[in-house]
1. Show me, for region 129-144, the HN-Hα J-couplings you get by feeding each phi into the Karplus relation (A = 6.51, B = -1.76, C = 1.60, θ = phi - 60°), rounded to Hz, glycine and proline as x.
2. State the answer as a single residue: which of Ser186, Tyr153, Leu223 lies farthest towards the positive end of the charge dipole of the chain, with beta carbon charges of +1 for Lys and Arg and -1 for Asp and Glu, about the Cα centre.
3. Quick one: angle between helix 116-125 and the longest Cα principal axis of the chain, in degrees between 0 and 90, rounded to 10, please.
4. Report the label-to-label distance for Lys42 and Arg181 in nanometres (one decimal), using points 7 Å from each Cα along the Cα→Cβ vector.
5. Out of residues 5 or more away from Glu76 or on other chains, whose amide H comes under 5 Å of its own, with H placed 1.01 Å from N in the peptide plane?
6. Treat the count of other C-beta atoms within 10 Å as a stand-in for reagent exposure and order Lys192, Lys12, Lys154 from fewest to most.
7. Mind listing the phi-derived Karplus ³J(HN,Hα) values for region 81-95, rounded to whole Hz, using 6.51, -1.76 and 1.60 with θ = phi - 60°, and x for any glycine or proline?
8. Charges at C-beta only: +1 for Lys and Arg, -1 for Asp and Glu. How large is the resulting dipole of the chain about its Cα centre, in Debye rounded to 20?
Amino acid sequence: MKKHTDFIFCEKCRNSNSSLVKFCTAQEVEEINQTKTCISYKRGETLFHEGGLPLGIFCVNSGAVKIVKEASGGKEMIVRIAQAGDVIGYRSLIMHQRYAASAVAAEDCKVCLIPKDEFIKLSINNRKFYDELMKMICEDLKDSQNKMAEIAYKPVRGRVAEALILLGQMAKPQGVINLTREDLASFVGTVKETVIRVLSEFKNEHFIEIDKRNIKVIDLSGLEKLSGMYD
């Protein structure tokens, strides 16, 4: 069950140099600290629901959050995995729309919720913050387009290799990918049994190491070569 966690001051956050906060002034950071809420979520708990009204933006302090859309048959499709330092929920605020997807904790995580009014004030008054926000939106759009193209044209081995490269980079410095096989399958657009088979092949080919649910890339160049074969 979600609960308020120990307060995380933005200036002491481990992700302060990789998040939007680094573009804020000291006064703006203090105002964020005064208005935000810090929350802990257990794996499987929902941060916000598709169709809900946005209350603010969510900054991921630790853990991972999956952004999911409901597909046919009640199945979910993961469109993005947000990791520590990432911000989610901002597009709905900017577009004055309800959430187009749901956010669910992929593992236990800590998240800071910055209220809508504070976010809008930063977007209006801080040009660097706004410019970086626009870059994030453009990057998200590019990543979504690339993912759709990969699902449509790249074989499943190439898609799994691409996903492991991406998730491994996001999991630095440890580089350990901690996702259920169901989530990984949803992320690459296939079924769990196929992901299990491909991961077993990659392990035998010495691309990765597997320890229960954890996956660690040990041959990045090999995975990059495999993924590039299908570009």
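Only the coordinates and a few stated rules stand behind these numbers; no lab work does. Being a predicted model, the structure only gives us computed values, none of them experimental. Every residue, glycine among them, receives a Cβ derived from its backbone with ideal geometry; neighbour counts consider all protein chains shown.
1. The phi angles translate into 4, 5, 4, 5, 4, 5, 4, 4, 5, 5, 5, 4, 5, 4, 5, 5 Hz.
2. Working it through, the farthest residue towards the positive pole turns out to be Ser186.
3. 80
4. Reported label-point gap for Lys42 and Arg181 is 2.4 nm.
5. For Glu76, the qualifying residues are Ala71.
6. Ascending Cβ contact count within 10 Å gives the list Lys12, Lys192, Lys154.
7. Calculated HN-Hα couplings, in order: 10, 8, 10, 3, x, 7, 10, 10, x, 7, 5, 5, 5, 5, 8 Hz.
8. On the way: 34 positive and 31 negative charges, 50 e Å.
Computed charge dipole of the chain: roughly 240 debye.
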